[in-house]
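> Before we start, here is the structure in question, set down as structure tokens.
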Amino acid sequence: MFSLKEKTIVMTGATGALGGSLAHSFAKVGAKIVILGRNQTLIDALVAELQEHTEATGFVVDVLSRADLEQTREKILAHMGCIDVLINAVGGNLPGATIPDHQSIFDLQESDFDQVIDLNLKGTVLPSMVFGKTMSEQGSGAIVNYSSMAVDRVITRVVGYSAAKAAMENFTRWMAVEMALKFGDGIRVNAIAPGFFIGKQNQALLLNEDGSLTERGQKIINNTPMKRFGNPEELSGAIHFLCSDSASFVTGVVLPVDGGFNAYSGV
Ligand SMILES: NC(=O)c1ccc[n+]([C@@H]2O[C@H](COP(=O)([O-])OP(=O)(O)OC[C@H]3O[C@@H](n4cnc5c(N)ncnc54)[C@H](O)[C@@H]3O)[C@@H](O)[C@H]2O)c1
């Protein structure tokens, strides 16, 4: 029921911290993997690692370019023949779209805010349109998006990213309904909401150079009932479930993988 063997899985953001770990988990179960990233050297290195276990290939693509995505879709179809799963792992933040303690909302930098909205919202919408089109023609497919704890709980400082991920969660539900109503019950769209995992973007915010917790890192641990950060590989099981036939009647949900953060009132 959980098998993804021989499924063709297209991944954006796969050369990142969380996406890379997921790609390896797909390789171990024999899925065929297509890595989309921005940096050819990183793509080549990851594809070489994945090829030790399975069929894998990669392309340089800007997820904010519909034309880029469409050209890549044709290459993928020529190479793999179909697209069973799309993982939208692209996402990120910019300094000007956050508000440090010594500033307030009135210091928000509009251009950074716009870019963060584009990356986290359009960066999921455009690949969903382009690869979802193939799924609509096939009558089958699964899309999994990456949301965040910043959607349901306000995380201080993080204004742009939170707004973008909230809109992206809404899009996840919207697209789930759209695909089921217009293209049948074979296409599902879901998201995961990771709690706190150490990645390139948040490492300096959560950990000091000696590995001890920063003040903010400590606050997060205090609000996580399991009292630790997640390990990237702990996201894989939830995502494999959402991609597989075990979730054949599951669409439009956002599954938290967060050590209890979202459930906890802090009291
Ligand atoms: N790390 C965490 O704790 C955490 C928590 C909640 C949600 N998330 C979300 O999970 C996802 C993965 O996070 P991560 O920590 O692995 O991030 P990351 O920064 O390590 O990886 C993001 C990847 O996206 C790529 N990318 C950025 N802009 C792109 C573009 N225009 N076109 C193509 N690729 C582009 C980057 O090159 C990078 O490889 C993101 O959506 C993030 O918002 C992460």
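The values are calculated or read from the model by the stated rules, or taken from the named source; none is laboratory data. Since the model is a prediction, treat every value here as computed from it, not as a measurement. Heads up, the Cβs are rebuilt from the backbone with ideal geometry, glycines too, and the neighbour counts pull from every protein chain shown.
> Which numbered condition in (1) of a type in the set (Ser, Thr, Tyr); (2) more than 16 Å from the ligand (Cβ to nearest atom); (3) farther than 22 Å from Gly141 by Cβ is the only one that Ser3 fails?
So the condition that Ser3 fails would be (3).
> Of all residues in the range 169-211, how many are within 14 Å of the ligand (Cβ to nearest atom), free of Cβ contacts under 8 Å to residues at least 60 places away in the same chain and within 21 Å of Gly123 (Cβ to Cβ)?
Step one: list which residues in the range 169-211 are within 14 Å of the ligand (Cβ to nearest atom), which gives 169, 171-172, 191-207.
Now restrict to residues that are free of Cβ contacts under 8 Å to residues at least 60 places away in the same chain: 171, 202-207.
Still in the running and within 21 Å of Gly123 (Cβ to Cβ): 171, 202.
Total meeting the criteria: 2.
> Now for a separate question. Looking only at the range 210-267, which residues are among the aromatic types (Phe, Trp, Tyr) and either assigned to a helix (DSSP H, G or I) or surrounded by 13 or more Cβ atoms within 10 Å (Cβ to Cβ) (or both)?
Narrowing the range 210-267 to residues among the aromatic types (Phe, Trp, Tyr): 229, 241, 249, 261, 264.
Those that are among the aromatic types (Phe, Trp, Tyr) and either assigned to a helix (DSSP H, G or I) or surrounded by 13 or more Cβ atoms within 10 Å (Cβ to Cβ) (or both): Phe229, Phe241, Phe261, Tyr264.
> Regarding Gly96, is this residue more than 13 Å from the ligand (Cβ to nearest atom), farther than 30 Å from Arg157 by Cβ and not hydrophobic (A, V, I, L, M, F, W, C)?
Numbers: more than 13 Å from the ligand (Cβ to nearest atom): yes; farther than 30 Å from Arg157 by Cβ: no; not hydrophobic (A, V, I, L, M, F, W, C): yes.
It is false that Gly96 is more than 13 Å from the ligand (Cβ to nearest atom), farther than 30 Å from Arg157 by Cβ and not hydrophobic (A, V, I, L, M, F, W, C).
> Applying the selection to the range 25-46, what residues are in contact with a helix residue (DSSP H, G or I) (Cβ under 9 Å, 6 or more places away or on another chain) and either part of a strand (DSSP E or B) or crowded, with 20+ Cβ neighbours inside 10 Å (or both)?
Phe26, Ala27, Ala31, Lys32, Ile33, Val34, Ile35, Leu36, Gly37, Leu46
> Quick test of your reading of the structure: Gly30 fulfils all but one of (1) touching a Leu at 6+ places or on another chain (Cβ under 8 Å); (2) within 28 Å of Gln201 (Cβ to Cβ). Name the failing condition by number.
Checking Gly30 against (1) touching a Leu at 6+ places or on another chain (Cβ under 8 Å); (2) within 28 Å of Gln201 (Cβ to Cβ), the one that fails is (2).
> For the range 92-99, check the following and say yes or no: at least one residue is out of contact with any strand residue (DSSP E or B) (no Cβ under 8 Å at 6 or more places or on another chain), farther than 20 Å from Val125 by Cα and not hydrophobic (A, V, I, L, M, F, W, C).
yes
> Before we move on, is Val130 β-branched (Val, Ile, Thr), free of Cβ contacts under 8 Å to residues at least 60 places away in the same chain, within 22 Å of Asn170 (Cβ to Cβ) and crowded, with 19+ Cβ neighbours inside 10 Å?
Working: β-branched (Val, Ile, Thr): yes; free of Cβ contacts under 8 Å to residues at least 60 places away in the same chain: no; within 22 Å of Asn170 (Cβ to Cβ): yes; crowded, with 19+ Cβ neighbours inside 10 Å: yes.
It is false that Val130 is β-branched (Val, Ile, Thr), free of Cβ contacts under 8 Å to residues at least 60 places away in the same chain, within 22 Å of Asn170 (Cβ to Cβ) and crowded, with 19+ Cβ neighbours inside 10 Å.
> Considering every residue within the range 47-64, establish whether at least one is near the ligand (Cβ under 9 Å from one of its atoms), at pLDDT 95 or above, among the polar types (S, T, N, Q) and touching a strand residue (DSSP E or B) at 6+ places or on another chain (Cβ under 7 Å). Reasoning before the result, please.
Taking the range 47-64 as the starting set, the residues that turn out to be near the ligand (Cβ under 9 Å from one of its atoms) are 60-64.
Narrowing further to those that are at pLDDT 95 or above: 60-64.
With the extra rule that they be among the polar types (S, T, N, Q), the set shrinks to none.
No, that holds for no residue.
> Output the residues belonging to the range 126-148 that are closer than 21 Å to Val250 by Cβ and hydrophobic (A, V, I, L, M, F, W, C).
Within the range 126-148, Phe131, Met135, Ala142, Ile143, Val144 qualify.
> I've got another one for you. Being within 10 Å of the ligand (Cβ to nearest atom) and at negative phi is the filter here; which residues of the range 12-30 pass it?
Of the residues in the range 12-30, the ones within 10 Å of the ligand (Cβ to nearest atom) are 12-22.
Result: Thr12, Ala14, Thr15, Gly16, Ala17, Leu18, Gly19, Gly20, Ser21, Leu22.
> From the list Ile9, Ile33, Ile87, exactly one residue is among the β-branched types (Val, Ile, Thr), more than 12 Å from the ligand (Cβ to nearest atom) and touching a residue at least 60 places away in the same chain (Cβ under 8 Å). Which is it? Steps first, answer last, please.
Working: Ile33 fails: touching a residue at least 60 places away in the same chain (Cβ under 8 Å); Ile87 fails: more than 12 Å from the ligand (Cβ to nearest atom).
Just a single option satisfies the conditions, and that option is Ile9.
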